[in-house]
1. Does any residue in the stretch 81-110 that is free of Cβ contacts under 8 Å to residues at least 60 places away in the same chain come within less than 6 Å, Cβ to Cβ, of a residue that is small (Gly, Ala, Ser) and surrounded by fewer than 24 Cβ atoms within 10 Å (Cβ to Cβ) six or more places away or on a different chain, and which pairs are these?
2. Looking at ALA186, ALA257, ALA233, ALA165, which one is of a type in the set (Gly, Ala, Ser), surrounded by fewer than 24 Cβ atoms within 10 Å (Cβ to Cβ) and at pLDDT 95 or above?
3. In the stretch 276-316, what residues are among the small types (Gly, Ala, Ser) and more than 30 Å from LEU371 (Cα to Cα)?
4. List, please: which pairs have Cβ atoms under 7 Å, are six or more places apart or on different chains, and start with a residue in the stretch 316-328 that is over 13 Å from TYR380 (Cα atoms) and end with one that is of a type in the set (Ser, Thr, Tyr)?
5. In the stretch 234-250, is there at least one residue being among the polar types (S, T, N, Q) and within 13 Å of ASP468 (Cα to Cα)?
6. Considering the stretch 229-263 alone, what residues qualify as being within 19 Å of the chain's Cα centre (by Cα) and polar (S, T, N, Q)?
7. Being within 22 Å of the chain's Cα centre (by Cα) and either assigned to a loop (DSSP other than H, G, I, E, B) or among the acidic types (Asp, Glu) (or both) is the filter here, so list the residues in the stretch 33-71 that pass it.
Amino acid sequence: MTSELIRQTADQLAQALAAGEVSSVDVVQAHLDRIADVDGTINAFLHVDADGALAAARDIDQRRAAGQSLPTLAGVPIAVKDVLCTRGLPTTAGSRMLEGWIAPYDATVTAKLKAAGLPILGKTNMDEFAMGSSTEHSGYGPTRNPWDVERIPGGSGGGSAAAVAAFEAPLAIGTDTGGSIRQPAAMTGSVGVKPTYGGVSRYGLIALASSLDQAGPCTRTVLDAALLHEVIAGHDPNDSTSIDRPVPAVVEAARRADVQGLRIGVVKELSGDGFEPDIVARFEESLDLLRGAGAEIVEVSCPSFVHALAAYYLILPSEASSNLARFDAMRYGLRVTPEGDPSAETVMAATRDAGFGAEVKRRIILGTYALSSGYYDAYYGSAQKVRTLIAADFAKAFGTVDVLASPTSPTTAFKFGDKLDDPLAMYAQDVATIPANLAGVPGLSLPSGVASDGLPTGIQFLAPAMADDRLYNVGAALERMLLGQWGVPILTSAPELEVVR
Ligand code: GLN
């Protein structure tokens, strides 16, 4: 029973719950058991809230028994990246700086999950303050990839992706500032969506780079992502960058899954050199399937995308250096008091030295430098100009095609330690995902197959702002064809995890 329940999609669980075939308490308990069995190995969770999740499940079961009409996903459990505030629960952003901090309020995303009746299983591991592509920068130890526990699950949202891929949760929330939902999805054979910037509220999301951050779904199927997208999206007066327009019809699009006549642009600059041959092979097979289903595939050029990584690594550290200034030992979390006669300044310095990891410090230094007088125009100013050019490249491309496509990440999941001493190699993981963040457009990654090393590969689609529905349409169509091609959902090709209870 337990193993059957954890393998269901969120859509299947929602239907079984609505039909009264299973209770939310059973569904939640099955996932808590799975977490107890495998998370000692995977380390997807920083905090498991068994009592809270079961209480929420009981409440949903009672309301259903009383005949109340409930939202679609009511009773389906979810895991939340530890960068979103959850009232009464620890929220650390993967940093020792916030160890023991209990959020006094809910992020809008969290509040929407609760209002829709999704029991929250716990908080997932991540690179510290969402900086990284492997979760090796977490202050609480890395998450392991369920496909091969010697390998990284991607990052920064490796915990959310691994939780979903290891069947510890049917759904999870991630955040994507430069690729942290999509790249972990590609590494773990799951689905990840970065919605249009402003499509999902950032209120209560611990800021990395405010002009880039966006929360979104981590799931095992495109339809599940659409169902979750609908729950978390929408205008929020608490976020001044939130878009006050109707949520795109993502669920309808995922159910439609029809690419007849759809124009798909393959971005010349986001494939080829530096991408592993198997990733390119799976990408091209996917394009063939789409062509066979009636899509028109054309090559497009977005020349400024080659500068996206460089621009991002000026804009992101600049915003991060400013956002992280609030961790000053006075307001939140850690406080380290040095020996002798401590002053506010020495307490701040000692706290920031002890509380932040090496990657966070590196970026604070980089950002402070890029913003400093005399260098601002040369670095931050130039990067902002590149950002404008990237947005213009997208606008031009979307003048001729409906969606863009590329491999999600240049490599499959690498071994722990492989890129830890080489920040630039780590940064290159996001070469294909970052342009979307810089321009604010939505992106979806789904598994395109398995490479010859047995690890999953990802394909990403990009659409114009507020046309997120197009991603779900093309993603669901490809998913269905790949299922036919591979015979089974790609995730079921992953080896069984050892139970370590
Ligand atoms: N890997 C990228 C970085 O380190 C993206 C992070 C993210 O999207 N949060 O900045």
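The values are calculated or read from the model by the stated rules, or taken from the named source; none is laboratory data. Fair warning: this is a prediction, and the values are worked out from it, not measured in the lab. Every residue, glycine as well, gets a Cβ built from its backbone with ideal geometry; the counts of neighbours run over all protein chains shown.
1. THR86/ALA103; ARG87/ALA103
2. ALA257
3. ALA281, SER286, GLY292, ALA293, GLY294, ALA295, SER301
4. Hits for this filter: ASN323/SER210.
5. Within the stretch 234-250, none of the residues are among the polar types (S, T, N, Q) and within 13 Å of ASP468 (Cα to Cα).
6. Passing the criteria: only SER242.
7. The answer is ASP39, ASN43, ALA44, ASP49.
Yes/no per residue for (1) of a type in the set (A, V, I, L, M); (2) closer than 23 Å to ALA225 by Cα; (3) not in a loop (DSSP other than H, G, I, E, B):
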{"site": "THR411", "(1), (2), (3)": "no, no, no"}
{"site": "ASP418", "(1), (2), (3)": "no, no, no"}
{"site": "ALA428", "(1), (2), (3)": "yes, no, yes"}
{"site": "ASN437", "(1), (2), (3)": "no, yes, yes"}
{"site": "PRO447", "(1), (2), (3)": "no, yes, yes"}
{"site": "SER452", "(1), (2), (3)": "no, no, no"}
{"site": "GLY458", "(1), (2), (3)": "no, yes, yes"}
{"site": "LEU471", "(1), (2), (3)": "yes, yes, yes"}
{"site": "ALA477", "(1), (2), (3)": "yes, yes, yes"}
